[in-house]
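Beneath this line is the structure, given in structure tokens, with notes to follow.
The values are calculated or read from the model by the stated rules, or taken from the named source; none is laboratory data. In this text the structure is predicted, and so the values were computed from the model without any measurement. Methodologically, a virtual Cβ is constructed for each residue, glycine included, from the backbone with ideal geometry; neighbour enumeration extends over all protein chains shown. SASA here: full protein model, heavy atoms, side chains in, ligands and nucleic acids out. Shrake-Rupley method; radii C 1.70, N 1.55, O 1.52, S 1.80 Å.
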Amino acid sequence: MRNSRLLLRSGLTLAAAAALPTWLAGPSAALSGISVSTIGTTVSVVTSACTQSGGSWGNASLLNSGQTAFAQGRQAALAGTTVSQSAAWSGVSPGTYTVVVVCSNGGTAGTQSVIVSGTAAAPTTSSTTRSAAPSRGVMGGLGGAARDYGPLTLGIGAALVGSGIIATGWYLRKRSKPYRL
């Protein structure tokens, strides 16, 4: 009986700790962000952050390494439904690009870098074929490569990790002591 109460209590604490960052970030955190993918020389972006205003969802822009402003890139109008909006560019030359999505209300849905290798990614069953290596390697970073998290989100994450480490140490210390009646 004691073990089941302990498991129930720790399960509820874990569920509350997992829901805390989502609750603190607010409703927009669940809808924000973009997902960018490449297939050969085609770059596509998908988002669910935009709402339709005046018959338009918004625009997406594909910026090369020398461009810094949204208006300088290759623009494409977002199309889709209330669940998902998307845009695509074909015939993109190899290189590193930045995709920026601006909704029709003027807010930025997200920004993400992408590497276009220029080779067609045809499925193959041969294990001896080699694909072209990315020109700049893996684009990783602290807090994730797809989104730049603010100091509040990183602080909350660090606090959750720290409290998990402390709770684990406390639990292991408590378990190592012999039972006293």
message: Which count do you get for residues in the range 65-94 that are touching a strand residue (DSSP E or B) at 6+ places or on another chain (Cβ under 6 Å) and part of a strand (DSSP E or B)?
response: 10
- line: The number of residues in the range 34-50 that are touching a Phe, Trp or Tyr at 6+ places or on another chain (Cβ under 8 Å) and either open to solvent by 50 Å² or more (accessible area, probe 1.4 Å) or more than 24 Å from residue 118 (Cα to Cα) (or both) is 2
- request: Kindly indicate whether any position in the range 1-24 is surrounded by 15 or more Cβ atoms within 10 Å (Cβ to Cβ), at pLDDT 55 or above and out of contact with any Asp or Glu (no Cβ under 6 Å at 6 or more places or on another chain).
  value: no
- line: When every residue in the range 58-82 that is under 15 Å from residue 108 (Cβ atoms) and open to solvent by 20 Å² or more (accessible area, probe 1.4 Å) is compared, the one modelled with the lowest pLDDT is 68
- prompt: Is it the case that some residue within the range 106-121 is part of a loop (DSSP other than H, G, I, E, B), modelled with pLDDT under 70 and small (Gly, Ala, Ser)?
  reply: yes
query: residue 142 versus (1) at pLDDT below 65; (2) surrounded by 10 or more Cβ atoms within 10 Å (Cβ to Cβ); (3) within 18 Å of the chain's Cα centre (by Cα); (4) not basic (Lys, Arg): which is the lone unmet condition?
result: (2)
- prompt: For residue 165, are the conditions met, namely being at pLDDT 90 or above, open to solvent by 40 Å² or more (accessible area, probe 1.4 Å) and part of a helix (DSSP H, G or I)?
  reply: yes
